[in-house]
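> Below is the structure I would like to discuss, written out as structure tokens.
The values are calculated or read from the model by the stated rules, or taken from the named source; none is laboratory data. Bear in mind that the values here come from a model prediction, so they are computed numbers and not experimental data. Neighbour counts run over all protein chains shown; Cβ positions are idealised from the backbone, glycine included. The accessibility values were calculated without ligands, DNA or RNA, using every heavy atom of the protein model including side chains. Shrake-Rupley method; radii C 1.70, N 1.55, O 1.52, S 1.80 Å.
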Amino acid sequence: MNTQITFFIAISASVFSHTLQAQCRAEQDAQALYALEANIETYTLQNGLTVRLLPMADKQTVTVASQFNLGARNEAQGQSGYAHLFEHMLFKGSENAPGDTYAQQFSALGARFNASTHFDYTNYYVTLPNQALELGLYLEAERFIRPSLNATTVKNQQETVLQEMAQTIDNQPYIRSAMTFLLEQVKGTPYGHGIIGSREDILQATPENLTAFHRAYYRPDAMQLSLVGKLSPQTRQWIEQDFAAWSRPTIAEPEFSELTIQPKQVHAELVDERGPWPGLLLAWHTVGKDHPDAAAIRLLEGYLFQNTASALAKLSLHNPEQMLSYSLPFELENHGIANIVLVPRARTSLDALVQKVLGLVAQTQQDALDEASLCTLKQVWLNNQLQQLDDTQALAIKLSATSAQDKDHPFTAQWQRINAVTADDIQSVAKRYFNQDYVRVDLLPPWYIRWGKTLLEWLPNDMSDSLEDAVL
């Protein structure tokens, strides 16, 4: 046999064997998800509340996590920010645990507790010593079912939310203008206003309209309750006694359909006098998290932008044209936005960064991924899930966020969709969603910084880099 042919066959066999080993390793590693999922007990109370219990006998703590199908999308005109404001209110007393009782009791136990509001949901969680589980369930049920909404507490939390708005949005360069611009792209949909709301709407909130908001949306059939950790034999009994009497409203939950947005190419320039340096945001409209294409899009985002082995990272390994890149998938129930934020080097223009990113996308559209690269993407996704398996808080929050299509397999259904993605699937979604109908936002500092940067772009790279290091 020809020596070259023999060598080619040997190399091919080695690559094929390595790919199969990688694939088998991912499938073998995934067995940990199946094993943990087998220990989950799921049931539903008569009022519609879904409960998931995951006992972990080796723990000394337990996490109680709750998620409601309630977010900014539920807010009527004139009530923007109500979901987030109400989240704050639920830490400030209930009928039988007034004032700061909730925070004082849990702080005395060394518990960790917090909450967050999103477009589609609001979640709450507390991790506490397992001996305090009965108290924890009582306090959680008490604030969800019988919150205390008086004028003094509402006023205090209005001020707290406005301070948060100032610190996280209004006092940060580019944030307010970029947020306003991006929300305009989905104007007329339930997602056309910010989660934190407007100052005017927040100040006009009253105990009466917040009470009405609570009655409409804080309901047992819109809630998932998850407990993970060292559980007592009486856990089910305590849940029953605290939550079962919560009445289910006769009005059905609101339904939200997939957004009907016609993507188009958009280019905007946003100037902020506080901006320290230019930045670039590129975004593409995609699909909701339960869409059949969602798994392929998630892997494509990872391949292009989101890890140290991404195409962008590899291209920038030795001579990066950006000082910073950041990508965070924006997944809604009925819509999605893929994005990348880049901060250029002094010698690199924003136009050059755009062409760099679009070039990576075009290459993905033209050339299908090889099996080894696809396997690596799946392994990275799986590893991120496996890292949470010893964290009761992460597991409880994940369980409470289970989508309807994954209700019977909250840990493994998503992995099965990820594992089923082919190279053709990734190439197909790259062509369909990552096309020329993208949103480009140039984040621009004051004129004198832009002028200085333009000068640096014309200098030789070594000189430009030296000046950049000295200044920044």
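> For the range 139-179, what does the alpha-carbon gyration tensor say about shape, rounded, prolate or oblate, given a ≥ b ≥ c as the root eigenvalues, a/c under 1.5 as rounded, and a/b over b/c as prolate?
Because a/c hits 1.5 or more and a/b exceeds b/c, the range 139-179 counts as prolate.
> Between Glu27 and Arg274, what is the FRET efficiency for a Förster distance of 45 Å, r being their Cβ-Cβ separation, to the nearest 0.05?
Efficiency, rounded to the nearest 0.05: 0.35.
> Give the carbon-plus-sulfur fraction of the accessible surface of the chain in %, rounded to a whole number; probe 1.4 Å, heavy atoms of protein chains only.
That share works out to 52 percent.
> Using packing as a proxy for protection, rank 58-64, 273-279 so that the peptide with the highest average count of other Cβ atoms within 10 Å comes first.
Result, highest mean Cβ count within 10 Å first: 58-64, 273-279.
> Cα-Cα over 24 Å: which of Lys92/Lys187; Lys264/Lys289; Lys314/Lys431; Lys92/Lys398; Lys187/Lys356?
Exceeds cut-off: Lys92/Lys187; Lys92/Lys398; Lys187/Lys356.
> Assuming R0 = 51 Å, can you tell me the calculated FRET efficiency for the pair Thr308 and Asn130, based on Cβ-Cβ distance, to the nearest 0.05?
0.85
> Let me ask something additional. For the range 257-364, what is the convex hull (Cα atoms) projected area averaged across all directions, in square nanometres?
Result: a mean projected hull area of 7.9 nm².
> Quick check: pseudo-label points 7 Å beyond the Cα along Cα→Cβ at Leu317 and Ser373, how many nm apart are they?
Roughly 1.3 nm, to one decimal.
> Continuing with this model, one more query. Check Thr122: other-chain or 5+ apart residues with amide H under 5 Å from its amide H, H built from backbone geometry?
When sequence neighbours closer than 5 places are left aside, the close amide H contacts are Phe68, Leu70.
> Got a sec to turn the phi values of the range 32-47 into Karplus ³J(HN,Hα) couplings, 6.51 cos²θ - 1.76 cosθ + 1.60 with θ = phi - 60°, whole Hz, x for Gly and Pro?
5, 5, 4, 5, 5, 4, 5, 8, 7, 10, 10, 8, 10, 6, 4, 7
> Sort 294-300, 132-138 by packing, meaning the average of other beta carbons within 10 Å per residue, with the highest value first.
Ranking the peptides 294-300, 132-138 by packing returns 294-300, 132-138.
> Against the 2.2 N^0.38 Å scaling, with N counting residues, where does the range 284-326 land? I'd like the Cα-based Rg ratio to two decimal places.
1.38
> Can I ask one more? With the convex hull built on the Cα atoms of the range 52-180, state its orientation-averaged projected area in nm².
Average projection, Cα convex hull of the range 52-180: 9.7 nm².
> Per residue, how much accessible area does the chain show when a 1.4 Å probe rolls over the protein heavy atoms, in square angstrom?
Ligands and nucleic acids excluded, the figure is 49 Å² per residue.
> Based solely on C-alpha atoms, express the radius of gyration and the Dmax of the chain in angstrom.
25.3, 89
> Collect residues whose amide H, placed 1.01 Å from N in the peptide plane, falls under 5 Å from the amide H of Val271; neighbours closer than 5 in sequence don't count.
Excluding prolines and chain starts, which carry no amide H, the hits are Leu444.
> What list of ³J(HN,Hα) values in whole Hz, one per residue of the range 324-334 in order, does the Karplus curve 6.51 cos²θ - 1.76 cosθ + 1.60 (θ = phi - 60°) give from phi, with Gly and Pro shown as x?
8, 9, 8, 9, 10, x, 10, 9, 9, 5, 10
> Could you give each residue of the range 360-371 its phi-based ³J(HN,Hα) in whole Hz, using Karplus coefficients 6.51, -1.76, 1.60 with θ = phi - 60°, and x for Gly or Pro?
With coefficients 6.51, -1.76 and 1.60, one gets 5, 5, 4, 5, 5, 5, 8, 10, 5, 5, 7, 5 Hz.
> Roughly how far apart, in whole Å, are the Cα centres of the range 348-421 and the range 90-110?
Here the two parts' Cα centres lie 38 Å apart.
> Here's a follow-up. If amide hydrogens are placed 1.01 Å from N in the peptide plane, which non-local residues have theirs closer than 5 Å to the one on Thr286?
Amide H neighbours of Thr286: Gly336, Ile337, Ala338.
> Could I ask something else about it? Give the Cα extents of the range 183-297 along the principal axes, in whole Å, largest first.
The principal-axis extents, from largest down, are 58, 43, 34 Å.
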